[in-house]
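The values are calculated or read from the model by the stated rules, or taken from the named source; none is laboratory data. Values in this document were obtained by computation on a predicted structure and should not be read as measured data. Here the Cβ positions follow ideal geometry from the backbone for every residue, glycine too, while neighbour counts run over all protein chains shown. Surface areas here come from the heavy atoms of the whole protein model, side chains and all, with no ligands, DNA or RNA. Shrake-Rupley method; radii C 1.70, N 1.55, O 1.52, S 1.80 Å.
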Amino acid sequence: MSQFQVTSYTDTYKIYELVEESTSSRILVCPERGGIVIGCQLHGLELFYLDKATFEHPTANIRGGNPILFPICGQLENKTYTWDGKSYEMANHGVARTSAWEVVGTNTDGEASITIMLRSNEETKESFPFDFELTFTYALANGELHIRQQYRNLTEAASMPFYAGFHPYFNADAKKLAYETDATRYLDYNDMVEKPFTGELDLDGMVESVTLLGSVKPEITFPVSGGARVRMTYNDIFKYLQLWSVQDKPFVCVEPWMAMTGELNRQEELVMLEAGGTLNANLTIGCER
């Protein structure tokens, strides 16, 4: 039997399980709930926090796992923006995380992987008037989760604005953590003051998030529950890292974003994908015990 396996089962929704036996690693994916990864066990340790009640509720925002953020990260002012003279409403973090994704295929040759796809439809166009196709492959190999992303603009004769990202919830025993990154400062959304970053941040008592600034290397390492350290690496198009938590909840979110919250209102740092164009990106999550 191959050390790589891809199977499926039903637990409220259809769940796909990716297994790599040699590293005691397992990934759980739910395509119909926003294409989300709800479980990320690497080297025998579960990294992701999940509030299962929010996952099981069909319209609740899932608190946990690794939600996909597209075409925006964060919030918009009054949940609205204007494009080409017309106003649109869009919920926080965009349309991908609340859409059902289609399974394109699975693979157990050299990795355990699943490829899923989301195409624009009438519902997404109410908030985001562009034709797009997203194809993501979740691949488990060598005890790491690789998220290979392809963003395609299918709109005729018009560039598509977006800034995508991820919102992973990591199990954490403390809110005060040391983050290994070359960021030099951060924007504190609790008081809207930019502050120097010295390598450690205490999210205890913070309601709003902070954004790390000044980073050049597209990577970050930090401790999680179980005495392990997570290392995330990603393409440099993910310019910002958002840090956030909730009081008395055992998680921290460390979120790679292509732009800061509200960018579709400012329209200064948008990714503009040309008509017919494709953008490929990758995010890798690894664990050291």
- Task: Mind checking which aspartates and glutamates have their Cα closer than 18 Å to the Cα of Lys195? Skip sequence neighbours fewer than 8 apart in that chain.
- Result: Glu180, Asp182, Asp204, Glu208
- Under 29 Å from the Cα of Lys86 - lysines, other chains or at least 8 residues apart: Lys125, Lys239
- Dipole of the stretch 4-288, positive direction: furthest Cα of Trp83, Ala174, Ile220, with charges on the beta-carbon: Ala174
- Note on the structure: Under 13 Å by backbone N from the virtual spin label 7 Å along Cα-to-Cβ at Tyr13, the residues of the stretch 85-113 are 96-103
- Could you size up the charge dipole of the chain around its Cα centre, putting +1 on the beta carbon of Lys and Arg and -1 on that of Asp and Glu, and report it in debye to the nearest 20? 220 debye
- Between the alpha-carbon centers of the stretch 67-81 and the stretch 190-214, tell me the distance in whole angstrom. 21 Å
- Surface share of carbon and sulfur [accessible, 1.4 angstrom probe, percent] for the stretch 144-215: 46 percent
- What accessible area per residue, rounded to a whole number of Å², is obtained for the stretch 4-288 using a probe radius of 1.4 Å? 42 Å²
- Item | Cross-link reach list, aspartates and glutamates versus Lys14, counting only Cα pairs under 17 Å and skipping chain neighbours closer than eight places | Glu32, Glu56, Glu102
- Correct response: the longest run of the chain lacking exposed GluC sites (Glu not before Pro), defined by DSSP loop and at most 14 other Cβ within 10 Å, is 1-155
- Could you state the number of Å between the C-alpha centres of the stretch 99-125 and the stretch 247-266? 24 Å
- Item | Measure of compaction for the chain (Cα Rg per 2.2 N^0.38 Å) | 0.97
- Note on the structure: The summed charge of the Leu18 Cβ neighbourhood (under 15 Å; Lys/Arg +1, Asp/Glu -1) stands at -4
